[in-house]
Amino acid sequence: MPEVRIVNVSKKFGNIVALDNINLTIRDQEYFSLLGPSGCGKTTLLRLIAGLIDPDSGEIYIGNRLVNDVPPEDRDIGFVFQTFALFPHMTAWDNVTYGPKVKGFDMAEATTIGHEVLEMVKLHERLDAYPNELSGGMMQRIAVARALAAGAKLLLLDEALGQLDAKVRNEIRYEIRKMAKDLNLTGIHVTHDQSEAMAISDRIAVMKRGRILQVGTPQELYMKPESIFVAHFIGESNFIEGYVSSKNNGNSVVEIREGLKIQASNGAVAEGKQAVLCVRPETLTVEKSVKKASNTVQGTVERITFEGPNMRYEIRLENDALIVAIKSSMSGGWFSIGEKVAVVFPVANTHVFAYPEGSSLKEEISVGSR
Ligand SMILES: Nc1ncnc2c1ncn2[C@@H]1O[C@H](COP(=O)(O)OP(=O)(O)O)[C@@H](O)[C@H]1O
Ligand SMILES: [Mg+2]
């Protein structure tokens, strides 16, 4: 329900900078994900919002209230962890009614709330079950129910689906989002799984080493990544090194090895500077005839993988760069290994980024290995 606002928040553990000046607003009733590789600070940010730890500096607002000095139990939050955190010696019913009872609600009220939330998570018929008699997916639904029963308006989930097997995980992620939406809650969902974040989030913040690199809808992050890291971490990208040889009208021409020139949609890098071209495999066009069209590089098919819906081609360009192109299997016109092809780079989907400062392209994208 509430908006959550993080202003200039930093947090160190000894000399490890876990969060480096975070600024972020999560909107009222938004389902929002914090996404990034292990160790980037996601859990730390969630624990700060929950009040389980204090920031070194900065302010945290929940629904316009500065909560820096408000204890966790007065923040109206529900926290769901990766590990199943239900009381093992209590039934589902006792787990969900524990919060209302502790808060001093009378028996009748606690009973009403208990029935309501168990209906919501569709586990009413299992109210007598102990946690060890429930599946992982059921336990996490009970954990959500328990948070709701305790009056949570803000749902915080830390890798809450991480322990579930793939099939259950894929189903329950939609259920949890729907529950949050139906109840007008604000949800903050921590995950290192980009496909999970893409599937269920209104918006996502991509984090790396204690910083937020980009905030956007799944579509924005996919179509308009603002850094090599985001282009790498979300979906799949080809990266080709070169330098900016000229610029015009906001576009750039990037020269790659062997003097080949490719035009990119943006002008983020100064002329003469080392740069990295970035293009998604499915935006490339592969043509049979070796023709000299604009923004086209010749190559040879090195490997072909049939992926069902798609054909995946690994193509060695004439300057020795290896790139991946993906074509729909339905589109026909398949190629064979060793075949000479022409790869067309679509200007609108080809982006240029500055070469990473103080590291290499390889290092830049290895941090985000999944
Ligand atoms: N209690 C702690 N004591 C010391 N270092 C910590 C503590 N909690 C987190 N860190 C460090 O802070 C960084 C961010 O951790 P964390 O927020 O858990 O990342 P994530 O959840 O994204 O994997 C990591 O380098 C981690 O080792
Ligand atoms: Mg974590």
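The values are calculated or read from the model by the stated rules, or taken from the named source; none is laboratory data. A quick note: this is a predicted structure, and the numbers were derived from the prediction, not measured. Glycine also receives a Cβ, built like all others from the backbone with ideal geometry; neighbour counts cover every protein chain displayed.
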Of 81, 87, 105, 32, which residue is in contact (Cβ under 8 Å) with a residue 60 or more places away in the chain and away from ligand 2 (no atom under 13 Å from the Cβ)?
32
Residue that is in contact with a helix residue (DSSP H, G or I) (Cβ under 8 Å, 6 or more places away or on another chain) and in a helix (DSSP H, G or I), where the choices are 95, 132
95
Show the residue pairs meeting these rules: Cβ distance below 7 Å; 6+ apart or different chains; first residue within the stretch 191-219 and over 19 Å from residue 163 (Cβ atoms) and in contact (Cβ under 8 Å) with a residue 40 or more places away in the chain; second residue among the basic types (Lys, Arg) and away from ligand 2 (no atom under 14 Å from the Cβ).
215/203
Being assigned by TED's automatic domain parsing to the domain that holds residue 320 and either over 25 Å from residue 355 (Cβ atoms) or touching a Lys or Arg at 6+ places or on another chain (Cβ under 8 Å) (or both) is true for just one of 201, 245. Which residue is that?
245
In the stretch 98-122, what residues are assigned to a helix (DSSP H, G or I) and either out of contact with any helix residue (DSSP H, G or I) (no Cβ under 6 Å at 6 or more places or on another chain) or hydroxyl-bearing (Ser, Thr, Tyr) (or both)?
98, 102, 107, 108, 109, 111, 112, 115, 116, 119, 120
